[in-house]
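Data first, discussion second: the structure below is written as structure tokens.
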Amino acid sequence: MRWKGRRQSSNIEDRRGSRAGRGGFGGSFGRSPGRIRIPVGGSRAGRGAGGGLSLLVILVIGFFILRALGIDPAELLDGGGSTSPGYQQDGGQITQPRRDEMTQFVATVLAETEDVWNGIFEANGADYPEPTLVLFTDQVRSACGLAGAASGPFYCPGDQKLYIDLSFYNELANRFGATGDFAQAYVIAHEVGHHVQNLIGVLPKFNQMRQSMSETEANRMSVSVELQADCFAGVWGHFTDQKGILDQGDLEEALNAARQIGDDTLQRRTQGYVVPDSFNHGTSEQRMRWFKRGFDSGRLDSCDTFNEPI
């Protein structure tokens, strides 16, 4: 992925080296039902991207994806406030992100997601409130509660922020054999996919519905949510590829990452057998297929994981 020299997002909040309690967020400790995370087993894009996506397609999404969850299509794309560019607030102090090479990389990938999703939303007369990416070390407090690095990267809809301990990338490569910069970019694009779901109402409805579901039912719907985020990540990859910044083999890197963090693959690696009723992210085959589907089509209406066989 030819990322160097490209625009870097200013929506970076660097909490590395700070105590987990900083930030003043509420929320319970432990695993929060609102947190959407990466499991760890144990035409040209830009501001004008998505020009072929019409308002009709958004309505189709409303009826074929969101209506399946009982969401009022009138609420489509109604959500969240935008983050402020430039310096970020961290525990009452204004800090500027440290721009080491890995920080530069994630800031560039985040900027690329901003360009694509701004283009898709703008093509349909809507604003795209950009999420903030929080960098942390060991553990962090969010509006979804306290999380440790062992939980993996996650998105918190309560504060519309993505969270990642960059040491996860070492684990992704060394423990799971998912190497390459586009594999790393896929992780960010997947969490941004959850942000899109939050904006269009999928996550709020899911978090509401699963309170009255059995664990098996909630896991089944969680798989649909996660696979749609994979598909949305693929949509981003489609437009990024059109910009000519992907190298040969980048797609294979992302697909390999999706394969390595599939529920069945993780369970075989960690416990030697699989329990399908406990899947909550999707199998390796499903994750690869839905990412590739978004990548090939570049269309949100191809990401209907709620009404199509997954």
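The values are calculated or read from the model by the stated rules, or taken from the named source; none is laboratory data. Quantities reported herein were computed from a predicted structural model and do not represent experimental measurements. Because the Cβ atoms are built from the backbone with ideal geometry, glycine has one as well, and the counts that use them run over all protein chains shown.
I need a count of the residues in the range 136-175 that are assigned to a loop (DSSP other than H, G, I, E, B) and not charged (D, E, K, R). Give the steps one after another, and end with the answer.
Step one: list which residues in the range 136-175 are assigned to a loop (DSSP other than H, G, I, E, B), which gives 136-138, 143-144, 152-153, 157-160, 165-167, 175.
Restricting the remaining residues to those that are not charged (D, E, K, R) gives 136-137, 143-144, 152-153, 157-158, 160, 166-167.
So the count comes out to 11.
Out of 256, 198, 207, I need the residue that is within 17 Å of residue 291 (Cβ to Cβ) and either in contact with a helix residue (DSSP H, G or I) (Cβ under 9 Å, 6 or more places away or on another chain) or in a helix (DSSP H, G or I) (or both). Which one? Talk me through it step by step, then tell me what you get.
Working: 198 fails: within 17 Å of residue 291 (Cβ to Cβ); 207 fails: within 17 Å of residue 291 (Cβ to Cβ).
From the options 256, 198, 207, the qualifying one is 256.
Could you list all residues from the range 242-253 that are in a helix (DSSP H, G or I) and more than 23 Å from residue 284 (Cα to Cα)? Full working, then the answer.
Within the range 242-253, the first condition is being in a helix (DSSP H, G or I), and the residues that meet it are 242, 250-253.
Listed by number, the list holds a single entry, 242.
Which of the following residues is under 14 Å from the mean Cα position of the chain (by Cα) and of a type in the set (S, T, N, Q): 219, 198?
Details: 219 fails: under 14 Å from the mean Cα position of the chain (by Cα).
Only one candidate qualifies: 198.
Could you list, in sequence order, the residues of the range 268-310 that are among the charged types (D, E, K, R) and either within 20 Å of residue 215 (Cβ to Cβ) or within 17 Å of the chain's Cα centre (by Cα) (or both)? Spell out the reasoning first.
The first filter runs over the range 268-310 and keeps only residues among the charged types (D, E, K, R), leaving 268-269, 277, 285, 287, 289, 292-293, 296, 299, 301, 304, 308.
277, 287, 289, 292, 293, 299, 304 - these are the residues of the range 268-310 that are among the charged types (D, E, K, R) and either within 20 Å of residue 215 (Cβ to Cβ) or within 17 Å of the chain's Cα centre (by Cα) (or both).
Given the criteria out of contact with any helix residue (DSSP H, G or I) (no Cβ under 7 Å at 6 or more places or on another chain) and either crowded, with 18+ Cβ neighbours inside 10 Å or at pLDDT 95 or above (or both), does residue 127 qualify?
Working: out of contact with any helix residue (DSSP H, G or I) (no Cβ under 7 Å at 6 or more places or on another chain): no; either crowded, with 18+ Cβ neighbours inside 10 Å or at pLDDT 95 or above (or both): yes.
Against the criterion (out of contact with any helix residue (DSSP H, G or I) (no Cβ under 7 Å at 6 or more places or on another chain) and either crowded, with 18+ Cβ neighbours inside 10 Å or at pLDDT 95 or above (or both)), residue 127 does not qualify.
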